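I have placed the structure first, in the form of structure tokens, so that the comments after it can refer back to it.
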Amino acid sequence: MEKKAVHYVVVSLDRAGQRIDNFLINHLKGVPKAHIYRILRKGEVRVNKKRAKPTYRLQAGDQLRVPPVQVTVTTPMTPNQELMAFLATRILYEDNHLLIINKPSGIAVHGGSGVKWGLVDTLRCMYPALPQLELAHRLDAETSGCLVLAKKRSVLRELHALLREGEVSKIYWALTKGHWKKSECHVDASLQKNQLGGGERIVRVHAEGKPSVTIFRTLKVFAEISLMEATLLTGRTHQIRVHAQYRGHPIAGDEKYGDRDLNKEMRHIGLKRLFLHAYSIEFVLPKTGERIHVTAPLDKDLAACLKALE
């Protein structure tokens, strides 16, 4: 263990717009996240001599007072070479500003409790010249498909602005229970996060939640199941999964919001994961004026599932 003394940090322009909790997690490597949130809550971290909430977004020139903390000194490790080689085959698009990857199912975007290497950590090891590589948005661990990362802080700010303004088109494919009526396809239902015992996070439709809109469209109908296209007009946690459940058409393979009998039936034909795939993403990056439109092919297990249904 090593103890860091009180020190002060002046926020540079390339860190402007970053949440203070994320900044500290990166700045105080080796310090547990729970401790970082504790020193923020107690007001031990000061921004321009004032308390700051974890959600505060840093401004260029802000002066941070960082209190003494215990840092665990660890021997640097690298992720599994096979994982890095596998992810290299999943890159869909890359330029000087962006990296878009076909995220595999079963890999969390961030390392954390019980997860040694998240997707971002692994990609930073693959791109040692880009330690500032950051997610522009998130996908659940079980969800596959298009995931955008920014190589520069300025590009990240542009992408976040596009997402806030609804200027990013994100289309998902989901295999859902039953057949949808046309009247069911526009889902406008507010969502609220809840914390269950043990720290599990669950999302419910609730009048006091955040406004959430998903547009579903039927792509293909099978005997008792439908392949649907889902377009997000908002980007809430678990939005498509909860909205599909709310309409009575839960997604196949969804262990949290799904139908147990459906999941069991789908396992018999080889589906052992959530059938939710971020199929495409499209936006115009202001920095270059270029329209980026990327699609991610279905993984072999999802394609095989559809073939089996036919």
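Assorted remarks:
- Contact map, region 274-287: residues that are at negative phi paired with residues that are part of a strand (DSSP E or B) and charged (D, E, K, R), Cβ distance under 6 Å, separation 6+ or inter-chain. Pairs shown: 281/170; 284/291.
- Residues of region 1-40 that are within 12 Å of residue 66 (Cα to Cα) and in contact with a Gly (Cβ under 8 Å, 6 or more places away or on another chain): 10 alone.
- Scan of region 206-259 for residues that are of a type in the set (Gly, Ala, Ser) and open to solvent by less than 10 Å² (accessible area, probe 1.4 Å), ordered by number: 212, 226, 230, 244, 252
- Residues satisfying the stated conditions in region 1-37, i.e. open to solvent by 70 Å² or more (accessible area, probe 1.4 Å), under 28 Å from the mean Cα position of the chain (by Cα) and modelled with pLDDT under 90: 13, 14, 22, 29, 32, 33
Here is a yes/no grid of residues against (1) over 27 Å from residue 168 (Cα atoms); (2) of a type in the set (Asp, Glu); (3) part of a loop (DSSP other than H, G, I, E, B); (4) in contact with a Pro (Cβ under 9 Å, 6 or more places away or on another chain):
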site: 208; (1), (2), (3), (4): no, yes, yes, no
site: 231; (1), (2), (3), (4): no, no, no, no
site: 237; (1), (2), (3), (4): no, no, yes, no
site: 240; (1), (2), (3), (4): no, no, no, no
site: 245; (1), (2), (3), (4): no, no, no, no
site: 249; (1), (2), (3), (4): no, no, yes, no
site: 281; (1), (2), (3), (4): no, no, no, no
site: 288; (1), (2), (3), (4): no, no, yes, no
site: 294; (1), (2), (3), (4): no, no, no, no
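- Residue that is under 23 Å from residue 136 (Cα atoms) and either modelled with pLDDT of 85 or more or open to solvent by 50 Å² or more (accessible area, probe 1.4 Å) (or both), where the choices are 80, 96: 96
- Restricted to strands (runs of 3 or more DSSP E) entirely inside region 112-205, those with at least 1 residues that are among the basic types (Lys, Arg) and either surrounded by fewer than 18 Cβ atoms within 10 Å (Cβ to Cβ) or touching a strand residue (DSSP E or B) at 6+ places or on another chain (Cβ under 9 Å) (or both) are 169-177, 191-195, 201-205.
The values are calculated or read from the model by the stated rules, or taken from the named source; none is laboratory data. These figures come from a predicted structure and were not determined experimentally. With ideal geometry, Cβ positions are generated from the backbone for all residues, glycine too; neighbour counts draw on all protein chains shown. Surface areas here come from the heavy atoms of the whole protein model, side chains and all, with no ligands, DNA or RNA. Shrake-Rupley method; radii C 1.70, N 1.55, O 1.52, S 1.80 Å.
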